[in-house]
Amino acid sequence: MDFHRNMRPTANAKASLPELLLLLTASAGCAMTVLDANIVAVVLPAIARDLGASFADIEWVVSAYVLCFASLLLPAGAIADRFGRRRVFLFGIAGFALSSLLCGMAPSAPLLYLARALQGGAAAFLLASALAIIAHGFHEEAARNRAWALWGAIMGLTMVLAPITGGLIAYLLGWRWAFYVNVPICIALGGAVRRYVPESRDEAARSLDPGGILSFAVAMFALTWGLISGPAHGWGSARCLAGLIGGAVALVAFVAIERAQDRPMLDLRLFTNGRLIGSVWAMFAYAACAQVMATLLPPFLQNGLGLTAIHAGFAMLPFAFAMLIFPQIGRLLGRGMTSAAILATGLALTGLGNALTAWGAISGSWPIILVGMAVLGSGGGLLNGETQKAIMNNLPRDRAGMASGISTTARFSGILLGFALLSSVMASAASSAIRTGSLTPASARDLADAVAAGNINSVVAGLSGPAARAALATAHHAYSWGFSIALGAAAAIAWLSSLLVYRLIAVRRPAI
């Protein structure tokens with residue numbers, strides 16, 4: 001069968017087999033990037049133990065990936081439009097396989113996060129082109145809505161499988177296999193792309209934008225550097241302030257560069273549409289307050305509650321199942337609720353879930369933690385499919401590459417800055433709790449550094465009996481306290497965003 005020739009999306013009929021195969025292949029590419037990130041979250045404590053990593057090292061293992069991911073998503077969308085979405089998709093898959101192999105072979109933390117940076121760059125080309133393929137392949141609104149609903153379900157299923165898979169890998173094979181497993185998956189995915197995905201491009205695609213690419217990358221790197229430097233060197237330190245101020249200056253430069261071009265990488269004129277602004281902010285807030293928890297929760301379950309990696313993976317199921325189910329519930333709610341109402345409700349639930357989980361973390365109550373994670377996943381599930389659909393539906397079809405770039409840049413910028421900010425808040429609060437205790441300054445500093453890095457096992461090294469139990473209890477309590485403070489901040493951001501998003505999308509205003 002010629003799968004490419006029979007691609008005829010229709011609004012009223014169910015998707016044909018070629019359409020379904022294209023959608024499943026592109027969605028698998030999207031899911032792979034999320035699967036990898038979430039599996040790595042479960043094995044972070046094992047990486048810290050094996051490589052003797054510091055807090056900054058562990059931050060960069062996650063942040064280097066997301067930083068390159070977020071920085072390259074916009075140019076990746078432009079490149080996919082210009083040179084062919086299928087071709088760029090295959091390039092991203094090949095790069096992801098190679099960089100995953102390098103990650104698994106890394107002998108030290110710095111080499112690991114350098115390989116993770118390469119992996120994040122490859123993932124940007126993989127994901128941006130995959131989303132552009134979906135947006136271009138389904139033309140009519142009804143067909144698009146069904147496609148994004150299935151995409152959301154696949155991403156939700158990925159959220160269910162990732163923590164369990166990560167726990168099993170850490171228990172049976174070791175953390176390096178969290179990366180090695182990507183290689184055979186990439187080989188299979190590449191074969192599916194060659195068979196089921198037709199080539200498409202924008203014949204009038206814009207030229208590349210080196211100034212915009214560089215200024216946006218510098219902004220993301222500098223802001224991340226500042227947020228990671230805060231707990232390690234002090235929030236008033238030269239490193240922290242230089243990063244935050246430099247990031248702000250680079251963002252201003254990015255806006256100036258984009259406004260000066262006829263065909264920019266990011267057309268800022270699109271943001272005169274209040275509905276698009278609200279949709280993009282909803283995606284950013286969802287990523288920073290809900291999706292980022294797929295990375296923050298597994299270390300808490302291990303470092304705050306003392307669970308093993310495999311038990312932490314299964315403990316994530318309330319969050320993961322809710323992320324799987326609620327995109328479908330959001331689709332049903334869409335028959336009677338506006339997009340603004342669904343987005344605002346999702347963000348409100350996200351804030352409630354963060355607050356409940358914070359309460360459970362500080363009180364040590366398992367039932368409250370489980371309920372909190374379920375509510376948090378419910379809000380995230382509502383937002384997962386709806387945010388993507390809202391952004392895509394507020395941009396014309398011929399901007400498929402830019403639309404995917406905007407949506408995924410907002411998502412992964414939210415994850416990057418949310419992770420850096422919340423991890424820094426957690427580390428600062430945990431360190432403060434330890435340093436106000438009865439330990440000597442040197443002992444408190446060593447314990448605080450170990451707790452912030454998530455290397456809890458090193459706390460009891462050389463101790464035994466009551467001393468070991470007391471040190472471990474102090475470390476778990478400090479991590480839980482810091483985590484609860486970080487979740488409180490996430491709850492506040494989510495609730496404020498709920499009000500802002502509803503006002504921007506529901507209240508019709510003239511263009512700015």
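The values are calculated or read from the model by the stated rules, or taken from the named source; none is laboratory data. If you're wondering where the values come from, they're calculated on a predicted model, not measured in any experiment. All Cβ positions, even for glycine, are placed from backbone atoms using ideal geometry, and neighbour counts span all protein chains on display.
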Filtered residue count, the range 332-375, keeping only those that are within 19 Å of the chain's Cα centre (by Cα) and touching a residue at least 60 places away in the same chain (Cβ under 8 Å): 8
Residue check, residue 319 aromatic (Phe, Trp, Tyr) and surrounded by fewer than 23 Cβ atoms within 10 Å (Cβ to Cβ): no
Cβ pairs under 7 Å, 6+ apart, first in the range 227-240 and at pLDDT 70 or above, second of a type in the set (A, V, I, L, M) and surrounded by fewer than 23 Cβ atoms within 10 Å (Cβ to Cβ): 227/421; 228/56
Test result for residue 122, within 19 Å of the chain's Cα centre (by Cα), in a helix (DSSP H, G or I), surrounded by fewer than 24 Cβ atoms within 10 Å (Cβ to Cβ) and modelled with pLDDT of 80 or more: no
Among residues of the range 168-187, those that are surrounded by 12 or more Cβ atoms within 10 Å (Cβ to Cβ) and out of contact with any Cys (no Cβ under 9 Å at 6 or more places or on another chain), counted: 13
Residue 274 out of contact with any Asp or Glu (no Cβ under 7 Å at 6 or more places or on another chain), in the same structural domain as residue 383 (by TED's automatic domain parsing), farther than 19 Å from residue 414 by Cα and of a type in the set (Gly, Ala, Ser): yes
Checking residue 261 against (1) more than 24 Å from the chain's Cα centre (by Cα); (2) in a helix (DSSP H, G or I), the condition it does not meet: (2)
Test: residue 432 is in contact with a helix residue (DSSP H, G or I) (Cβ under 9 Å, 6 or more places away or on another chain), at pLDDT 75 or above and surrounded by fewer than 24 Cβ atoms within 10 Å (Cβ to Cβ): yes
Segments classed as helices (runs of 4 or more DSSP H), wholly inside the range 265-376, with at least 1 members that are within 27 Å of residue 76 (Cβ to Cβ) and of a type in the set (Lys, Arg): 274-286
Where residue 166 falls short, out of the listed (1) modelled with pLDDT of 85 or more; (2) assigned to a helix (DSSP H, G or I); (3) more than 17 Å from residue 21 (Cβ to Cβ): (1)
Selected residue [free of Cβ contacts under 8 Å to residues at least 12 places away in the same chain, out of contact with any Asp or Glu (no Cβ under 7 Å at 6 or more places or on another chain) and either closer than 29 Å to residue 23 by Cα or in a helix (DSSP H, G or I) (or both)] from 111, 72: 111
